[in-house]
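Structure first, then comments.
The values are calculated or read from the model by the stated rules, or taken from the named source; none is laboratory data. Predicted model only: the values in this text are computed from it and were never measured. Backbone-built Cβ (ideal geometry, glycine too); neighbour counts: all protein chains shown.
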Amino acid sequence: MLIRDTLEGYGIVSRLFHWLMAIAIFGMFALGLWMVRLDYYSPYYNAAPNFHRDLGMLLLLALVVRWLWRAANPKPVSDDLTPAERKISNVVHWGFYVLLLVLMVSGYLISTQDGESIDVFGWFSVPSIFRMPGLEDRAGYIHRLFAYAVIALAVVHTLAALKHHFIDKDDVLGRMWSGPKARPKSKEDNSQ
Amino acid sequence: MKAGMTALAVALFASVGSPSAMAADYVIDTTNAHASITFKVSHLGFSWIIGRFDKFSGTFSYDDKNPDASKVNVEIDTTSVDTNLALRDKHLRAADLLDTDMFPTAKFESTAVKSTDGNKATITGNLTLHGVTKEITIDAEHVGGGKDPWGGYRDGFTGTTKITLADYGILRNLGPATKDVELILNIEGVRK
């Protein structure tokens with residue numbers, strides 16, 4: 001099993017990052033929508049936001065490590081794509097990094113604006129580094145806005161992947177699911 | 001010269017004859033925070049949470065010989081709600097509680113003052129909160145007054161009243177013990 005990415009496909013680390021974060025992001029979106037509507041007397045009134053915060057901090061860490069991993073690995077060639085598709089997919093992929101970063105940092109600011117730190121599942125604590133009265137409102141607005149933006153982008157990304165899989169019948173979705181196929185030779189021939 | 005003499009005479013008469021002969025106007029000393037609008041609300045019936053509105057302004061007129069002619073006007077910036085926890089304050093400002101985007105100011109205008117005994121009085125007036133105006137009665141007390149050490153003249157009051165959140169259309173369920181809010185007002189004014 002390949003750990004690193006190659007020109008032919010994604011290694012296990014990238015694929016795990018992709019699918020685990022995909023599940024976490026959709027889960028966090030649903031959790032976020034649900035938890036802000038909880039009644040004060042709900043047993044989850046405190047627990048749900050705490051879990052959301054803690055997991056959010058882990059996801060922020062994961063996002064940074066994932067980006068470093070991306071930067072340290074070769075990018076698999078996408079010769080299944082037309083030049084226009086390649087451009088758009090590039091924008092979408094980088095869009096995810098930017099939107100997720102803003103989303104998670106804004107979430108962090110909501111919780112730490114008044115000097116409180118975030119105790120991540122009791123494992124470690126993320127201190128407050130930025131204080132500004134009223135920031136929690138602005139950060140909350142940004143957090144909501146970017147949460148919807150991330151999900152909108154994820155829907156576009158999913159539809160594109162399904163289109164490639166079922167309509168174009170190429171390997172764009174397949175290679176994110178299973179590792180590089182043993183056909184590097186023919187790929188190279190195609191690209192020339 | 002004659003006009004000057006008349007002005008002097010008027011000034012002398014005013015300074016000798018007028019102290020407390022007619023109501024004087026005061027500005028509530030929010031600049032140096034010798035006034036506060038605090039509230040007390042039950043947490044689950046187990047304890048009291050104390051909060052306050054950090055920003056407000058107002059004026060009053062007061063005549064110690066005829067306190068029943070007194071008047072008071074206060075305008076409160078509801079976005080300045082402060083319970084010493086940014087996340088809770090964010091929620092207090094949100095649409096299901098104070099809804100400060102829609103209702104950024106609350107207002108109190110007295111309609112009648114009635115002395116009870118000694119330095120005590122009941123102040124009746126209209127409180128506008130969350131877009132709803134209702135009559136309330138404040139139990140007030142004149143704490144003290146006189147020349148301050150810096151050339152001004154001050155009078156100070158304290159008062160309490162109780163409001164029911166549902167009366168003002170604030171319908172969020174915070175539990176059976178948390179239907180009412182006690183307001184504790186401390187007002188010091190500087191004579192204009």
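Examine segment A:109-124 for a residue that is at pLDDT 95 or above, buried (at least 18 other Cβ atoms within 10 Å of the Cβ) and hydroxyl-bearing (Ser, Thr, Tyr), and state whether such a residue exists. So far as segment A:109-124 goes, no, none of its residues is at pLDDT 95 or above, buried (at least 18 other Cβ atoms within 10 Å of the Cβ) and hydroxyl-bearing (Ser, Thr, Tyr).
Of all the criteria given as (1) part of a helix (DSSP H, G or I); (2) touching a strand residue (DSSP E or B) at 6+ places or on another chain (Cβ under 6 Å), the one not satisfied by A:ASP119 is (1). Identify, please: which residue in segment A:125-148 is in a loop (DSSP other than H, G, I, E, B) and small (Gly, Ala, Ser) and is, among those, modelled with the lowest pLDDT? That would be A:GLY134.
When you scan segment B:163-176, how many residues do you find that are loosely packed, with under 14 Cβ neighbours inside 10 Å and in contact with a strand residue (DSSP E or B) (Cβ under 7 Å, 6 or more places away or on another chain)? Result for segment B:163-176: 2. When segment A:149-182 is filtered for residues that are crowded, with 16+ Cβ neighbours inside 10 Å, out of contact with any helix residue (DSSP H, G or I) (no Cβ under 6 Å at 6 or more places or on another chain) and at pLDDT 95 or above, only A:ALA154 remains.
Among residues of segment A:58-96 being of a type in the set (S, T, N, Q) and within 20 Å of A:THR158 (Cα to Cα), the one that is surrounded by the most Cβ atoms within 10 Å (Cβ to Cβ) is A:SER89. Screening segment B:95-120 for residues that are more than 14 Å from B:ASP139 (Cα to Cα) and free of Cβ contacts under 8 Å to residues at least 12 places away in the same chain and picking the one that is farthest from the other protein chains (Cβ to nearest Cβ) gives B:ALA95. Evaluate segment B:39-46: report whether one residue or more is closer than 28 Å to A:PRO43 by Cβ, of a type outside the set (Lys, Arg), touching a residue at least 12 places away in the same chain (Cβ under 8 Å) and in contact with a Leu (Cβ under 7 Å, 6 or more places away or on another chain). Yes, segment B:39-46 has at least one match. Considering segment B:66-94, the residues that are facing chain A (nearest Cβ under 9 Å) and among the aliphatic types (A, V, I, L, M) include one that is surrounded by the fewest Cβ atoms within 10 Å (Cβ to Cβ), namely B:LEU85. Exactly one residue out of B:SER61, B:SER70, B:SER47 is under 27 Å from A:SER117 (Cβ atoms) and of a type in the set (Ser, Thr, Tyr): that is B:SER47.
Among the residues of segment A:73-127, those identified as of a type in the set (Phe, Trp, Tyr) and away from every other protein chain (no Cβ under 14 Å) are A:TRP94, A:PHE96, A:TYR97, A:PHE121, A:TRP123, A:PHE124.
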